[in-house]
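The values are calculated or read from the model by the stated rules, or taken from the named source; none is laboratory data. Predicted, not measured: the structure shown is a model, and the values here were computed from it. Because the Cβ atoms are built from the backbone with ideal geometry, glycine has one as well, and the counts that use them run over all protein chains shown. The accessibility values were calculated without ligands, DNA or RNA, using every heavy atom of the protein model including side chains. Shrake-Rupley method; radii C 1.70, N 1.55, O 1.52, S 1.80 Å.
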Amino acid sequence: FYIQEASSMIPPLVLNPKPSDLVLDLAAAPGSKTTQLASMMNNNGLIIANDIKWDRIKALSMNLQRIGVSNTLITIYPGEKFPNIQFDKILLDAPCSGTGTIKKSPGTLKIYNPGMIRKLSFQQRKLILKTYSLLKPGGIMVYSTCSLEPEENEGVIDYLLKKTDAKLLTASLPKLKSSPPILEFENKTYNPEIKKVLRIWPQDNNTEGFFIAKITKPS
């Protein structure tokens, strides 16, 4: 068993990998979403689970072994330097400020500052461009964070849409409550296609806050 917070389980459900898919989980550790993906694929296909730090890789490896995952290879690369392999499905659960987790982690408030958000947003933009370049034409990619900050969410997706030919698909799950995305922030107006994303505030479903975007590359 791997116990997850409810909203943390949404990105793999939106990605919906098939048993025959080649899947990349770019920021995989400690493995909660990787193990969920493997379960959804019935331990078939192939998942590449990547992370950047050895201590996180250790936790990822232990969890994959504990759960009995056998369709996953572990790699350790900086996300923006990942080898140019083409994937059917990609999950980018990006490093973020975690402001959606304040409900269980009030210590997040102690490290919060605007400079941190700007730095993370810059990193997220580099990661999403690299990740999109690894997606096969017709493939599906999910970008997610446990942040509530527009700069880390709608702002990153708006950047991707401006820089590439990426298209958004509607991200939704039955009976899941969500809130309208933020389309204007700090005198910036975001692409109206961003209406297709999922923005979940803690009060929507009594969970952590989360952001999920479903992206495809035209064939």
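For first residues located in segment 91-115 and of a type outside the set (Val, Ile, Thr), partners that are open to solvent by less than 30 Å² (accessible area, probe 1.4 Å) and modelled with pLDDT under 85 and lie 6+ apart or on another chain with Cβ distances below 6 Å form the pairs 98/108. Between 64, 13, the distinction of being among the aliphatic types (A, V, I, L, M), buried (at least 20 other Cβ atoms within 10 Å of the Cβ) and out of contact with any Phe, Trp or Tyr (no Cβ under 8 Å at 6 or more places or on another chain) belongs to 64 only. Of all residues assigned to segment 121-128, none qualifies as being within 18 Å of residue 12 (Cβ to Cβ) and either among the hydroxyl-bearing types (Ser, Thr, Tyr) or open to solvent by 60 Å² or more (accessible area, probe 1.4 Å) (or both).
For residue 7, the conditions (1) open to solvent by 10 Å² or more (accessible area, probe 1.4 Å); (2) closer than 21 Å to residue 173 by Cα are fulfilled apart from (1). Working only within segment 22-43, note down all residues that are out of contact with any Leu (no Cβ under 8 Å at 6 or more places or on another chain), surrounded by 14 or more Cβ atoms within 10 Å (Cβ to Cβ), assigned to a loop (DSSP other than H, G, I, E, B) and not aliphatic (A, V, I, L, M). Listed by number, the list holds a single entry, 43. Number of residues in segment 80-97 that are touching a helix residue (DSSP H, G or I) at 6+ places or on another chain (Cβ under 8 Å), under 24 Å from residue 171 (Cα atoms) and surrounded by fewer than 19 Cβ atoms within 10 Å (Cβ to Cβ) equals 1. Hey, can you tell me all the residues within segment 46-73 that are more than 18 Å from residue 95 (Cα to Cα), touching a helix residue (DSSP H, G or I) at 6+ places or on another chain (Cβ under 8 Å) and of a type in the set (A, V, I, L, M, F, W, C)? Those that are more than 18 Å from residue 95 (Cα to Cα), touching a helix residue (DSSP H, G or I) at 6+ places or on another chain (Cβ under 8 Å) and of a type in the set (A, V, I, L, M, F, W, C): 47, 64, 67, 69. State which residue pairs qualify: first residue touching a residue at least 12 places away in the same chain (Cβ under 8 Å) and inside segment 184-203, second residue assigned to a helix (DSSP H, G or I) and open to solvent by 100 Å² or more (accessible area, probe 1.4 Å) in any location, beta carbons under 9 Å apart, and separation of 6 or more residues or different chains. From residues that are touching a residue at least 12 places away in the same chain (Cβ under 8 Å), the pairs are 191/162. Just one of (1) modelled with pLDDT under 95; (2) touching a strand residue (DSSP E or B) at 6+ places or on another chain (Cβ under 8 Å) fails for residue 1. It is (2). Quick one: would you say residue 77 is without any contact (Cβ under 8 Å) to a residue 24 or more places away in the chain, surrounded by fewer than 16 Cβ atoms within 10 Å (Cβ to Cβ) and on the phi < 0 side of the Ramachandran plot? Criteria not met by residue 77.
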